[in-house]
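Let me begin by presenting the structure, written as structure tokens, before commenting on it.
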Amino acid sequence: MMKSWVCRGLKLISLSLMILLLISVSVWSADDKSLVLYYPLDGDTKDATKNANDGEIQGKSKWVDGKFGAKAVDLEPNAWIGITPSDSLNGDIFIEKFSLSAWIKPNFEGSAWEHIWRSLPAGGSGHNTLFINKDSGLISWRGMVGGGWTVMCQTDGGLIKEGKWYNIALTSDKKKFRIYLDGKEVKDADYQESDGKITEYRIGGSGGETYAGVMDEVVVFLRTLDQNEIAGIQEGMEVFLAAEPQGKLTTVWGDIKQQ
């Protein structure tokens, strides 16, 4: 009997400690310098990090039910989110290690090549850009390499369909580019160093190539997320940020439940 009460007490203590860890996560996530941009898109285009990389919607849009959280933005054709970058989102971020992720629900009313993320250098027409192609259903990462427009990593077709939610993620460890779809790697390619010197960033496109549809939870890390971390994003960024700093939090919780 005494042993049973002791076990229950230890379980309650462990659960309390886990809750305290989760509460402390909000402080950790805000101080994580590798997370340079996080748009929850819950009714505004504010950057949830301390970096103040806030955005402004250009063109027509509306707020709709999101994949996670309260809301998501529904961009009409020729609409996008223009980002006012701080020093944290410098012009050479895609030369370094990075990870980019966004939830999309395309309606295929945009251009053939729909921009998820668009980078623009001073006086240039385009740079590091993450596309989907609505005709073929492929995902493509392209940019300027040595002054020439280059396909740096591109999947096969048939991956993206109209009206479905997808998480598209792209990572670089300066050895490989990797594209993930819904937490699973679908393509890798050798790293190529792009030209850098970006001055402007957009979510949803620019010019004649724009995305149309719903978008939620756009994030940029200045580090390479591994496959387990990309899989963790599938549960939403709040859950991801809660579990990420503890590393073994899921294992600890499993151990508690078995006691």
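The values are calculated or read from the model by the stated rules, or taken from the named source; none is laboratory data. These figures come from a predicted structure and were not determined experimentally. Cβ placement follows ideal geometry from the backbone for every residue including glycine, while neighbour counts extend to all protein chains displayed.
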| Failed item in (1) among the hydrophobic types (A, V, I, L, M, F, W, C); (2) at pLDDT below 95; (3) under 20 Å from residue 104 (Cβ atoms), with residue 37 passing the rest | (2)
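Do we find that residue 85 is touching a residue at least 24 places away in the same chain (Cβ under 8 Å) and either farther than 17 Å from residue 120 by Cα or in contact with a Cys (Cβ under 6 Å, 6 or more places away or on another chain) (or both) in this structure? So that I can check it myself, show each step before the final result.
Details: touching a residue at least 24 places away in the same chain (Cβ under 8 Å): yes; either farther than 17 Å from residue 120 by Cα or in contact with a Cys (Cβ under 6 Å, 6 or more places away or on another chain) (or both): no.
No: the conditions fail for residue 85.
This table checks each residue for (1) farther than 20 Å from residue 213 by Cβ; (2) in a strand (DSSP E or B); (3) over 17 Å from the mean Cα position of the chain (by Cα).
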{"site": "42", "(1), (2), (3)": "no, no, no"}
{"site": "47", "(1), (2), (3)": "yes, no, no"}
{"site": "51", "(1), (2), (3)": "yes, no, no"}
{"site": "64", "(1), (2), (3)": "no, yes, yes"}
{"site": "69", "(1), (2), (3)": "no, no, no"}
{"site": "72", "(1), (2), (3)": "no, yes, no"}
{"site": "77", "(1), (2), (3)": "no, no, yes"}
| message | Conditions first: (1) within 20 Å of residue 161 (Cβ to Cβ); (2) modelled with pLDDT of 95 or more; (3) among the small types (Gly, Ala, Ser). Residue 55 passes all but one, so which condition is the exception? | response | (1)
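Yes/no matrix, rows are residues, columns are (1) buried (at least 17 other Cβ atoms within 10 Å of the Cβ); (2) out of contact with any Asp or Glu (no Cβ under 8 Å at 6 or more places or on another chain); (3) within 24 Å of residue 124 (Cβ to Cβ); (4) touching a residue at least 40 places away in the same chain (Cβ under 8 Å):
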{"site": "144", "(1), (2), (3), (4)": "yes, no, yes, yes"}
{"site": "147", "(1), (2), (3), (4)": "no, no, yes, yes"}
{"site": "152", "(1), (2), (3), (4)": "yes, yes, yes, yes"}
{"site": "158", "(1), (2), (3), (4)": "no, yes, no, no"}
{"site": "177", "(1), (2), (3), (4)": "yes, no, yes, no"}
{"site": "196", "(1), (2), (3), (4)": "yes, no, yes, yes"}
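Before we move on, is residue 135 among the acidic types (Asp, Glu) and under 18 Å from the mean Cα position of the chain (by Cα)?
When the stated conditions are applied, residue 135 does not pass them.
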| task | Considering only residues that are part of a loop (DSSP other than H, G, I, E, B) and closer than 25 Å to residue 231 by Cβ, look in the range 79-104 and name the one that is modelled with the highest pLDDT. | result | 97
| What do you reckon, is residue 163 farther than 21 Å from residue 46 by Cα, over 16 Å from the mean Cα position of the chain (by Cα), at pLDDT 90 or above and small (Gly, Ala, Ser)? | yes
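Would you confirm, using the coordinates I've provided, whether residue 187 is touching a Ser or Thr at 6+ places or on another chain (Cβ under 7 Å), more than 30 Å from residue 52 (Cβ to Cβ) and not aromatic (Phe, Trp, Tyr)? Explain how you work it out, then say what you get.
Working: touching a Ser or Thr at 6+ places or on another chain (Cβ under 7 Å): yes; more than 30 Å from residue 52 (Cβ to Cβ): yes; not aromatic (Phe, Trp, Tyr): yes.
Judged against the criteria, residue 187 is a match.
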| message | For the range 162-201, give me each residue that is out of contact with any Gly (no Cβ under 7 Å at 6 or more places or on another chain), part of a loop (DSSP other than H, G, I, E, B) and of a type in the set (Gly, Ala, Ser). | response | 163, 183
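If we scan the range 141-154, do we find a residue that is in a loop (DSSP other than H, G, I, E, B) and either under 19 Å from residue 179 (Cβ atoms) or basic (Lys, Arg) (or both)?
Of the residues in the range 141-154, the ones in a loop (DSSP other than H, G, I, E, B) are 146-147.
After this cut, where a residue has to be either under 19 Å from residue 179 (Cβ atoms) or basic (Lys, Arg) (or both) as well, the list is none.
No, because not a single residue in the range 141-154 is in a loop (DSSP other than H, G, I, E, B) and either under 19 Å from residue 179 (Cβ atoms) or basic (Lys, Arg) (or both).
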| field | Residue list for the range 198-225, restricted to those being under 20 Å from residue 127 (Cα atoms), among the hydroxyl-bearing types (Ser, Thr, Tyr) and under 15 Å from the mean Cα position of the chain (by Cα) | value | 201
